[in-house]
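Q: Got a structure for you, written out below as structure tokens; questions coming shortly.
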Amino acid sequence: MVYASTRSFVFTNHKGGVGKSTSATNIALGIVQLLRRANASNCRVLIVDTDSQAHASLVTTGRKDYGADDSLYSVLLADRENAAQTLLNCIVPSQWDADLHILPASPMLEGAERELMGVAGAPYRLADPVGKIANQYAAIIIDTRPSFSLLTEMALLAATDAIVPVEPRYLETVGLTSVIEKINDIREGWRHPTLRVSGLLVTKMDSRIRGHNHLLAEVKAHPVLGKLLLGVIPANEAVSYAHSSHQSLFTYSPTAAASKAYLQVVASLVRYLLKGGD
Amino acid sequence: MARPNHDTSRMDDLLASVTSDLLGDLPQNLVDNTIHVERILLEMVRPDPVQPRRVLPDAIHVRFHQNQITPTQALRELVQIVQLAARHRGRPFTNLLELLPNADDERDDETTVQLTPEEQLLRDLVNLAITIRDDGHVNPLTVVDVSQGVTRLFRIETGERRYWATWLLRDFLPNYTGDGMIPCIIIPANRSSVFRQAKENTARSGLTAVALARQAALLLLTVHGYEIPAYAVENDFYRQALELDLRGKREYTDVVLSAMGGIGRMHFSRYKALLKLSDEALELADRYQIEEYRLRPLLSVSAEYHAEIVRQIIDFNLTAKQIKELCEGDDLDTDATDPLDKLPPAAIKMARAVQASSSTTPQDIARALMQREGDAAIARARLQALQKLLNEAERYLTTDQKL
């Protein structure tokens, strides 16, 4: 498949527990599967896990004991000339699919932030190497930590599209505009004009709760947020069971409402990819 | 809690629900059968280990393809070899740019400087690197996607010199402003062709006779269904082709001969026969680009003499006629059988007399001498001359027993 340029989707929100890692990993697998089903010549997808909790690495590879030599940490600390090669060396296959690859996170990423603080060009230490290998993948999915730290800035600079998962709760939706403003700040402040907020993903939606329905209606009615709404993922126990068994939601429970909702999101993103990001 | 298995076929029905919608209006974007150009990270590109046209000297070539050294280390070894050779020849250099001819120097001694093959190779690579630095990559490399799993790898089909020149530029030359990427025409693995590679090779000048021999072998092995390995091979791999020919593969004859540059069957066989040369002779002949017609006479002599004769060809720039005379005139195989045949008859007679010295007495020798010379003074002078001759001969025995 010829992509005008590979799209990199960053899943970000400074609020924790909104489903960033769940969405990133399952959507990544969905893109692989959907592209393969469509006989695409390149259906490889890379997940870059920038969260030191390494949840995305754990559920997709069954491990979270990545260290200084085999994780994102070594990429960030590598010489500029060797960073892309280091990145290639650190990529591991997932247990979910042979074409789903992971650049795993490590608890040492906390230290990397301190080590890189004040180092010239530090915010680009992810974007540079990822940009050099991006054309090998149909898409790149970046999972971030629940804060606006140097690592999150790095992830945003390495991305072309930001997707903001959000729970339909009052405080989360209040903070939503500040998340989007922060992304816009990165775009303007770091002169990264190709970065854009491409989607708002409402997660853990429980239609039995009146407040959820009310807030979802408000988002839909909002002149900006309404246009960004990418999908609504219902709250589903299958998600936590899938996590605990280190399986994707699609494999664990393909008939679950959340699986179907995620697949609709995947279909939208694949369509977006095939149109070259238009 | 029940643990469902990892069978991804469980997703099939779910995927089917969206695939038809997705494929409805965008099918043309999904499958790519075109050959396209992409910029690829230099580290993801590797030369073909069985490429008949070798750029690096054999020893470095093998170690590089056995993953014992990186591209940068391979080039560093080449630079060190060239520095040593250049120093021995009285033209030391510290900066690679010194290898290039000085445009301001109007002296005509450039033509008289005889560069070693390694010096010439490095000089050409530096020149190419400077061209790439100043003008960019005008021609992309042709690479085959041989990625497996998470290992992304592209094997060079054509353009290995540009690959090495780019590494040289990146790691050894000043003012590199690139980003470590190289433009490549990517060919899917299933469309890789040893015939296309051969045509590309023969279409260019400078393909040595030994490279053509390897190429002939590679084509023969391919049409006979041998698996071409993806790692560095010894010459014995190519020598398997000595037992093969095109007679059993008539349907491939034209395409093989065409890939070899449109040569005839006789020339094809001659190139292939060069693989009978010893390993050392092959390496020397390849480095010094000795032509097939000058190597052909060597096939009539034993392999143990091949390297020595090739060295003489290089040192004395022997013509084909001289090489033929050397190989046919001096029967090297029988050289050691009876060296006495080549000695003067008088020397052989003398040696036999020395061997028979115990079968006579001094009185008999004196009487025989007097009988032949008729004068005691002359006989004495003959004996003194003989003594002097024997002393001299003894001296040769101790200093050079091989004479």
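The numbers here are math on the coordinates, done by the rules we state, and not lab data. Since the model is a prediction, treat every value here as computed from it, not as a measurement. Please note: Cβ atoms are built from the backbone with ideal geometry, for glycine as well, and neighbour counts cover all protein chains shown.
Q: Quick check: pseudo-label points 7 Å beyond the Cα along Cα→Cβ at residue B:314 and residue B:385, how many nm apart are they?
A: Placing both labels 7 Å along Cα→Cβ, they lie 4.9 nm apart.
Q: Here is a follow-up. Please compute the Kirkwood hydrodynamic radius over segment B:342-399, one decimal place, Å, based on all pairs of different Cα atoms.
A: Result for segment B:342-399, one decimal place: 12.8 Å.
Q: Binning every alpha carbon pair distance of segment B:270-321 at 5 Å from zero, what are the percents per bin?
A: Histogramming segment B:270-321 at 5 Å steps yields 4, 23, 41, 26, 6, 0 percent.
Q: Rounded to two decimals, what is Rg over Rh for segment B:223-317 when you use alpha-carbon atoms and the Kirkwood radius?
A: 1.00
Q: Quick one: what are the phi-derived ³J(HN,Hα) couplings along segment A:47-55, Karplus 6.51/-1.76/1.60 with θ = phi - 60°, whole Hz, x for glycine and proline?
A: 3J(HN,Hα) across segment A:47-55, in whole Hz: 9, 9, 9, 9, 8, 5, 6, 6, 5.
Q: In whole angstrom, how far apart do the alpha carbon centroids of segment A:197-266 and segment A:64-78 sit?
A: 32 Å
Q: Starting from the Kirkwood Rh over alpha-carbon pairs, what translational D in µm² s⁻¹ does segment B:136-187 have by Stokes-Einstein at 25 °C and 0.890 mPa s?
A: Answer from the Stokes-Einstein relation: 205 µm²/s.
Q: Another question, then. How many nm separate the modelled label positions at residue A:194 and residue B:234, each set 7 Å beyond the Cα in the direction of the Cβ?
A: Placing both labels 7 Å beyond Cα along the Cβ direction yields 5.0 nm.
Q: Something else now. Sticking with the crude label model, points 7 Å out along Cα→Cβ, report the distance from residue A:177 to residue B:76 in nm, one decimal please.
A: Each label point is offset 7 Å from its Cα along the Cβ direction, giving 5.8 nm.
Q: Could I ask something else about it? How big is the charge dipole of chain A about its Cα centre, in debye rounded to the nearest 20, if each Lys and Arg gets +1 on its Cβ and each Asp and Glu gets -1 on its Cβ?
A: Charge dipole, chain A, about its Cα centre: 920 debye, nearest 20.
Q: At 37 °C and 0.692 mPa s, what whole-number value in µm²/s does Stokes-Einstein give for the translational diffusion of chain B, with Rh from the Kirkwood sum over Cα pairs?
A: It comes out at roughly 121 µm²/s.
Q: Shifting gears a bit: In chain A, which helices (entire DSSP H runs) extend 20 Å or more along their own long axis, judged by Cα positions, while averaging at least 1.0 on the Kyte-Doolittle scale? Working shown, then result.
A: Numbers: long enough: A:20-37 (25 Å, 0.27); A:170-189 (29 Å, -0.03); A:257-274 (26 Å, 1.05).
What comes out of the filter, once short or polar helices are dropped, is A:257-274.
Q: Using a 10 Å cut-off around each Cβ, can you sort A:50, A:194 from fewest to most neighbouring Cβ atoms?
A: A:194, A:50
Q: What list of ³J(HN,Hα) values in whole Hz, one per residue of segment A:225-231 in order, does the Karplus curve 6.51 cos²θ - 1.76 cosθ + 1.60 (θ = phi - 60°) give from phi, with Gly and Pro shown as x?
A: Here the 3J(HN,Hα) series is 4, x, 6, 8, 4, 8, x Hz.
Q: Collect residues whose amide H, placed 1.01 Å from N in the peptide plane, falls under 5 Å from the amide H of residue A:166; neighbours closer than 5 in sequence don't count.
A: HN-HN under 5 Å from residue A:166: A:201, A:202, A:203.
Q: In whole Å and largest first, what semi-axes does the C-alpha gyration tensor of the protein assembly as shown yield when each eigenvalue is scaled by 5 and square-rooted?
A: Rounded to whole Å, the semi-axes are 76, 27, 23.
Q: Let me ask another. Mind putting a number on the dipole of segment B:195-329 about its Cα centre? Charges go on the C-beta only, +1 for Lys and Arg and -1 for Asp and Glu, and I need it in Debye to the nearest 20. Mind showing how you got there, number by number?
A: Details: 18 positive and 19 negative charges, 121 e Å.
In total the dipole reaches around 580 debye.
Q: Using bins 5 angstrom wide from zero, how does P(r) for chain A break down, in % of all Cα pairs?
A: Over chain A, the share of Cα pairs per 5 Å bin runs 1, 6, 14, 18, 20, 18, 13, 7, 3, 1, 0 percent.
Q: Now for a separate question. Using the Cα centre of the protein assembly as shown as the reference point, and only Cβ charges (+1 on K/R, -1 on D/E), how large is the resulting charge dipole? Debye, rounded to the nearest 20.
A: Its charge dipole is roughly 1080 debye.
Q: Still on this structure, I have one more. For a quick check: with amide H placed at 1.01 Å from N, whose amide H comes under 5 Å from residue A:139's, ignoring anything fewer than 5 positions away on the same chain?
A: A:46
Q: Give the order of A:212, B:306 when sorted by the count of other beta carbons within 10 angstrom, beginning with the fewest. Display every interim value, and only then the final one.
A: Values: A:212 20, B:306 23.
The most exposed by this proxy come first: A:212, B:306.
Q: Chymotrypsin sites (Phe, Trp or Tyr not before Pro), restricted to segment B:191-232: which are DSSP loop and have at most 15 other Cβ atoms within 10 Å?
A: When the chymotrypsin sites (Phe, Trp or Tyr not before Pro) of segment B:191-232 are filtered for loop state and at most 15 Cβ neighbours within 10 Å, B:226, B:231 remain.
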